[in-house]
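Asks: First, the structure itself, so that you have it in front of you.
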Protein chains: 2
Amino acid sequence: MRVEIWSDINCPWCYIGKARFDRALERFPHREAVEVVHRSFELDPRSPREARPVVPLIAAKYGLGLEQAEAAEQRIADNAEAEGLAYLRSGRDAANSFDMHRLLHFAAEHGRQAELLDALYRANFAEERSAFAPGRLAELAVEAGLDGAEAARVLADPDAYAQAVREDEATASAMGATGVPFFVLDRRLGVSGAQPTETFAAALEQAWESRPVFPLVKVGGDAGAADSGEVGGPDGCAVPRH
Amino acid sequence: MRVEIWSDINCPWCYIGKARFDRALERFPHREAVEVVHRSFELDPRSPREARPVVPLIAAKYGLGLEQAEAAEQRIADNAEAEGLAYLRSGRDAANSFDMHRLLHFAAEHGRQAELLDALYRANFAEERSAFAPGRLAELAVEAGLDGAEAARVLADPDAYAQAVREDEATASAMGATGVPFFVLDRRLGVSGAQPTETFAAALEQAWESRPVFPLVKVGGDAGAADSGEVGGPDGCAVPRH
C-alpha cells in the first residue's frame, strides 16, 4: 500500500498533519506494508527566494491585521506543540520552496527522502536559524545522510529535478488538490488537510480493507509454462511443482 | 502511474518480457509519468546456492529429455535474440536467486535498481562467466553504481532486505501470481507472461485512460484555509489567490 503526501515545507499544517498521520501509521497493524512518498506542492511558486518574516506574510495572504496574523501564528504553534512538535514562536520566515522540493526528489533517489523531509521541517519550524540561509539546504542534506557535494551540485543546477517537482504538482492538480497537506492512499482514497489522527487511522483501515488484491483486470492472455518450449499462450516461467 | 514487475533473475522469459515491456514504454506518450519498480519473485526458493548447468535443470523441471531441454533453451535464445538481447547459447547455469533479490532492494534504496537489474540479467543470460561466481554480485553492484563495500555488507548479512523480498512474494501470491514475469499497473491491471510488445502498449494505454485522477474517495471533511486562524473544517494551507 502506498501513501503519497503532497506538502509544502512552508505549510505549518503540513508539518502538523504529517505528525498526526505518522502517529496513525505507527499504530496501524499493517504499517510494514505501507510505503510513504513525499510529493511536491508549492503553495506560492512566485514567492521570492529571499526569506521574509512570516507574520506579515500571513497578514497579506489572508487580509488580516498584523495582530490577528500574529494570533493565528500562535494558534498554529499551539497545535504543533499539542502534537509534541517543536515550534519557533517568533521570528519564523518563509521564502520560495522550489529548491527544497528539488532536493527532496534527489533525496528520494538515494533513499533519504524521509530523513530530509524531517530535517527541512525542523529547520523551517523549530530552529532559530533560517532554513533559507545561504548554504543551509546543503547542510541539511548532509544531516539527512546525503552526499554534500552531490547535493550542492543539485542545488546549483535549477533544472535538476525541476521536472519531477512539476509532475507532482500536475498530478495534484489533476486530483483536484487546491491546498496541502493532501494525502492519497493507493491512488484511490484522498484525505485533505491536517485531519485528526483518528481520521488518518480510518483512512488507512479503509484503504487496507478495500485494496484490490485479486483479481486484477487482466490484459492479454494467460501465461503458460512455455519455457518448456511448448507452443501455446504467452510465455512465462512457472513455479516448479515439488 | 506505477508499473510493478515481479520477476526472477533465473527466468529467461522475465529477461525477454522486460525488453518487450521496455519497448512499449519507450513508445508510450506518457512514459515520463510512469514509474517502474522491480518486485521479487523466486521461482524456486529451495534451489541450492551452488550454480548448476541449466539444461539438466530444465529437463528435470519439465520432465523432458536432455535433448528436448536443449532444444527448449535454444528456442528461448531465439526469442531473446529476436528482441535484440544477447543470449549465451551454451553453458548457462542457475542457482538460488535470493541474494540477487535482496541486493535489488538495497539498490532501490539508492536509486540504482534499474541499473542493477539490467546488470544481473546481462550477467545471467549473456556472459560466459557465471553470475553466481563468488564475488560476482558485489562486482555487479559496483557496475550498477552502488558502493561496493556497502553491497558486500548487504550480501554478507542474510537478513538484510530479506523481509522486503518476502513481502513482495506475499503480495504476488495475494494477487494470484503463479509464475513470472507478472506486470501490475497501478495495482489495477495485470499482465502475465512475456506478452508481445503490443499487449504491453495496450495495457499502458488502458491503465492511463482508466486512471482514477478525480475524484478520489474522500475520507474526512474538507480542509479550509484554516491557517488564518478561523475556526472551521480541518486545517490546511491554501494556495493564495493572486
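Asks: Which residues, counting only those in the stretch B:180-202, are out of contact with any Pro (no Cβ under 9 Å at 6 or more places or on another chain) and free of Cβ contacts under 8 Å to residues at least 40 places away in the same chain? Spell out the reasoning first.
Replies: At the first step, the residues of the stretch B:180-202 found to be out of contact with any Pro (no Cβ under 9 Å at 6 or more places or on another chain) are B:180-185, B:189, B:197-198, B:200-202.
Correct list: B:LEU189, B:ALA202.
Asks: Please go through the stretch A:183-198 and give me each residue that is more than 7 Å from chain B (Cβ to nearest Cβ) and open to solvent by 10 Å² or more (accessible area, probe 1.4 Å), ordered by number. Reasoning before the result, please.
Replies: Here is the first cut: in the stretch A:183-198, the residues more than 7 Å from chain B (Cβ to nearest Cβ) are A:183, A:185, A:196-198.
Once the filter is applied, which keeps residues that are more than 7 Å from chain B (Cβ to nearest Cβ) and open to solvent by 10 Å² or more (accessible area, probe 1.4 Å), the stretch A:183-198 yields A:PRO196, A:THR197, A:GLU198.
Asks: If I filter the stretch B:125-146 for residues that are touching a residue at least 60 places away in the same chain (Cβ under 8 Å), open to solvent by 30 Å² or more (accessible area, probe 1.4 Å) and under 20 Å from B:GLY17 (Cα atoms), do I get at least one hit?
Replies: no
Asks: Restricting attention to the stretch A:48-84, which residues are in contact with a Gly (Cβ under 9 Å, 6 or more places away or on another chain), assigned to a helix (DSSP H, G or I) and not basic (Lys, Arg)?
Replies: A:VAL54, A:ILE58, A:ALA59, A:TYR62, A:GLN68, A:ALA69, A:ALA71, A:ALA72, A:GLU73, A:GLN74, A:ILE76
Asks: Hey, another quick one. Does the stretch A:92-108 contain any residue that is at pLDDT below 95 and not hydrophobic (A, V, I, L, M, F, W, C)?
Replies: Among the residues of the stretch A:92-108, not one is at pLDDT below 95 and not hydrophobic (A, V, I, L, M, F, W, C), which makes the answer no.
Asks: Here are the criteria: (1) closer than 30 Å to A:ASP168 by Cβ; (2) touching a residue at least 60 places away in the same chain (Cβ under 8 Å); (3) part of a helix (DSSP H, G or I); (4) not aliphatic (A, V, I, L, M). Tell me which single one B:GLU4 does not satisfy.
Replies: Only one criterion in (1) closer than 30 Å to A:ASP168 by Cβ; (2) touching a residue at least 60 places away in the same chain (Cβ under 8 Å); (3) part of a helix (DSSP H, G or I); (4) not aliphatic (A, V, I, L, M) is unmet by B:GLU4, namely (3).
Asks: While we're on this one: Might you let me know whether the stretch A:183-200 holds any residue that is part of a helix (DSSP H, G or I) and either within 16 Å of A:ARG2 (Cα to Cα) or touching an Asp or Glu at 6+ places or on another chain (Cβ under 8 Å) (or both)?
Replies: Applying the first criterion (part of a helix (DSSP H, G or I)) to the stretch A:183-200 yields A:197-200.
Filter once more, keeping what is either within 16 Å of A:ARG2 (Cα to Cα) or touching an Asp or Glu at 6+ places or on another chain (Cβ under 8 Å) (or both): A:200.
Checking the stretch A:183-200: at least one residue is part of a helix (DSSP H, G or I) and either within 16 Å of A:ARG2 (Cα to Cα) or touching an Asp or Glu at 6+ places or on another chain (Cβ under 8 Å) (or both).
Asks: Still on this structure, please answer the following. Can you tell me how many residues within the stretch A:57-80 are charged (D, E, K, R), under 17 Å from B:GLY236 (Cα atoms) and more than 10 Å from chain B (Cβ to nearest Cβ)? Outline the logic, then answer.
Replies: At the first step, the residues of the stretch A:57-80 found to be charged (D, E, K, R) are A:61, A:67, A:70, A:73, A:75, A:78.
Narrowing the set further to residues that are under 17 Å from B:GLY236 (Cα atoms) leaves A:61, A:73, A:75, A:78.
Now drop any that are not more than 10 Å from chain B (Cβ to nearest Cβ), which leaves A:78.
Here the count works out to 1.
Asks: Here is a further query. Filter the stretch A:16-33 down to the residues that are open to solvent by 20 Å² or more (accessible area, probe 1.4 Å), within 11 Å of chain B (Cβ to nearest Cβ) and in contact with a strand residue (DSSP E or B) (Cβ under 9 Å, 6 or more places away or on another chain) and list them by number.
Replies: A:ARG20
Asks: Ok, one more. Which one is farthest from the other protein chains (Cβ to nearest Cβ) among residues in the stretch A:35-51 that are out of contact with any Phe, Trp or Tyr (no Cβ under 7 Å at 6 or more places or on another chain) and of a type in the set (A, V, I, L, M, F, W, C)?
Replies: A:VAL36
Asks: I've got another one for you. Tell me the residue from A:ALA170, A:ALA151 that is assigned to a helix (DSSP H, G or I) and loosely packed, with under 14 Cβ neighbours inside 10 Å, please. Lay out the reasoning, then the answer.
Replies: Working: A:ALA151 fails: loosely packed, with under 14 Cβ neighbours inside 10 Å.
A:ALA170 is the lone residue from the list that is assigned to a helix (DSSP H, G or I) and loosely packed, with under 14 Cβ neighbours inside 10 Å.
Asks: Filter the stretch A:85-124 down to the residues that are under 17 Å from the mean Cα position of the chain (by Cα) and of a type in the set (Phe, Trp, Tyr), then identify the one that is most open to solvent (accessible area, probe 1.4 Å).
Replies: A:PHE98
Asks: Taking the stretch B:201-217, which residues are at the interface with chain A (Cβ under 8 Å from one of its Cβ atoms) and in contact with an Asp or Glu (Cβ under 9 Å, 6 or more places away or on another chain)? It would help to see each step written out before you state the result.
Replies: Step one: filter the stretch B:201-217 for residues at the interface with chain A (Cβ under 8 Å from one of its Cβ atoms), giving B:202-203, B:206, B:211-217.
Across the stretch B:201-217, the qualifying residues are B:ARG211, B:PRO212.
Asks: Here's a follow-up. What single numbered condition from (1) open to solvent by less than 70 Å² (accessible area, probe 1.4 Å); (2) within 13 Å of chain B (Cβ to nearest Cβ); (3) farther than 13 Å from A:CYS11 by Cβ fails to hold for A:VAL54?
Replies: (3)
Asks: Follow-up. With the requirement that a residue be open to solvent by 40 Å² or more (accessible area, probe 1.4 Å) and under 18 Å from the mean Cα position of the chain (by Cα), what does the stretch B:34-51 give you?
Replies: Applying the first criterion (open to solvent by 40 Å² or more (accessible area, probe 1.4 Å)) to the stretch B:34-51 yields B:35-36, B:44-46, B:48-51.
Hits for the stretch B:34-51 are B:GLU35, B:VAL36, B:ASP44, B:PRO45.
The values are calculated or read from the model by the stated rules, or taken from the named source; none is laboratory data. Quantities reported herein were computed from a predicted structural model and do not represent experimental measurements. Note that each Cβ is placed from the backbone with ideal geometry, even for glycine, and that neighbours are counted across all protein chains shown. For the accessible areas, the whole protein counts, side chains as well, though only heavy atoms, and no ligand, DNA or RNA atoms are used. Shrake-Rupley method; radii C 1.70, N 1.55, O 1.52, S 1.80 Å.
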